[in-house]
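The values are calculated or read from the model by the stated rules, or taken from the named source; none is laboratory data. The shown structure was predicted, so the numbers you read here are calculated from the model rather than taken from an experiment. Cβ placement follows ideal geometry from the backbone for every residue including glycine, while neighbour counts extend to all protein chains displayed.
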Amino acid sequence: MVHNLQLTITKDEVFIIFYKLDKDGDGVLSYSEVCDCFVPRENEYAVLINSRGGFYGAESDPTKFFEGSTRELLKKFLRGFVECEVSIELVRQRIVNKTNLKIDTCFNQVDKQDKGYITLDDLRTFLKATNMYPSEKCLRLFFQRLDKNEDNVLSYDEFITGLSPM
């Protein structure tokens, strides 16, 4: 797809994208994992995308699957996605390198009841105690970003992996 869209992406960027999309950590991107990156998190928008029909055209040339303007928008989306993920990785590296942050200690601070996982309420309570008040939407999106298997709890591994530099 990257070749067909004439996008230039480095090996490091491919690694970051792959890591982000591979939700089950099996080293293989399934069709549903790739599709998930195009579906909005907000339910009202996700319904719009998911209710659309698929591509049933007879076109066999992948470079002609989309009209020119759609191809350009897809290229912009993919470039923005890559730039966003690279920026997030750089922030992770800066935080850990500059603060000597011990992420395992952070997990234990958030998991006050020693359950072995963190809920959205645990995270909200922890942030309030540290005088941080993100909007509910930002908090939910951050939590969803870390919750790779989408079970509505952050396991120790999800928390450590999500906040550690690659």
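For the range 4-56, give me each residue that is of a type in the set (A, V, I, L, M) and loosely packed, with under 10 Cβ neighbours inside 10 Å.
Val28
For the subset of the range 102-141 comprising residues that are under 30 Å from Asn43 (Cβ atoms) and of a type in the set (Asp, Glu), which member is modelled with the lowest pLDDT?
Among those that are under 30 Å from Asn43 (Cβ atoms) and of a type in the set (Asp, Glu), it is Glu136.
Every residue in the range 105-144 that is of a type in the set (D, E, K, R) and surrounded by 13 or more Cβ atoms within 10 Å (Cβ to Cβ), please.
Asp111, Asp122, Arg124, Arg140
Mind counting the residues in the range 110-166 that are free of Cβ contacts under 8 Å to residues at least 60 places away in the same chain and on the phi > 0 side of the Ramachandran plot?
Of the residues in that region, 4 qualify.
Please go through the range 115-159 and pick out each residue that is part of a loop (DSSP other than H, G, I, E, B) and more than 20 Å from the chain's Cα centre (by Cα).
Hits for the range 115-159 are Lys115, Gly116, Thr130, Asn131, Met132, Tyr133.
Any chance you could count how many residues in the range 68-112 are more than 23 Å from Ser164 (Cα to Cα) and not charged (D, E, K, R)?
Within the range 68-112, residues that are more than 23 Å from Ser164 (Cα to Cα) and not charged (D, E, K, R) number 7.
Mind checking which pairs have a first residue in the range 65-89 that is farther than 11 Å from Glu13 by Cβ and in the same structural domain as Gln6 (by TED's automatic domain parsing) and a second that is assigned to a helix (DSSP H, G or I) and not acidic (Asp, Glu), Cβ under 8 Å, 6 or more apart or different chains?
Phe66/Leu74
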